[in-house]
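Below you'll find the structure, written out as structure tokens, and then a few comments.
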């Protein structure tokens, strides 16, 4: 099986892309446990960073599931979702955080392609951190921490696709300057969990969802316009006011003129 298929969140992707292998080999207990996770499981491990002096509340699914390798139980590859909630407006930014570990030479990941209902889309990644973990006789080990923003409407569509009877993943792949691609994915239950937590936070703190985020069904109907009564235009050099006509007066007889 390709090396990428050994990594944490790409288990579901491998089961589909390597269907022949998947049919011949029964998924490991760790893979089965990952695929069986529900929104409630991810909600129970959510972490929230928020205090009185923070202007932005942070919610993360980092502790939801991790594959740890070796005697030191090191996490080589991982991903999770983060939400950043503006505590004044309720506006929320969502980010997919990805950690990629590898040996050899720097790859410098710089782009991501991801699934959408209308087909794959692409954007540059945000470089969060890059580390050299150590070097030996056979080269060095590197870790890249990257991320990309996920629109809230897309994340809600991903979450809505969750069904407990058919677990599946949302897929994406990263491209690097070295030409090496890294494919991965997240359990859609993870998206459902963080959205539920964000909605609960907004409701608890009475934060109104920004109007631009509302769908046509959620947005309030437009206020009907009142009919405008035509009025006379103001006088101007091009439109002078009409001259006043003298009022009808009774005839006057001159007594002294006789």
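Derivation of every value follows stated rules applied to the coordinates shown; laboratory data play no part. Note that the coordinates shown come from a computational prediction; the quantities given were computed from them, not determined experimentally. Here the Cβ positions follow ideal geometry from the backbone for every residue, glycine too, while neighbour counts run over all protein chains shown.
Assorted remarks:
- Compared with the direct C-alpha span, the chain from residue 206 to residue 58 gains 51.6 nm at full extension, assuming 0.36 nm per residue.
- Using all pairs of distinct alpha-carbon atoms, the Kirkwood hydrodynamic radius of region 106-207 works out to 15.9 angstrom.
- Label-to-label distance, residue 132 versus residue 108, with points set 7 angstrom from Cα along the beta-carbon direction: 1.5 nm.
- Distance between region 143-180 and region 73-116 - C-alpha centres, whole angstrom: 9
- When you count the other C-beta atoms within 10 angstrom of each residue and take the mean per peptide, 172-184, 120-132, 152-164, 78-90 line up highest first as 78-90, 172-184, 152-164, 120-132.
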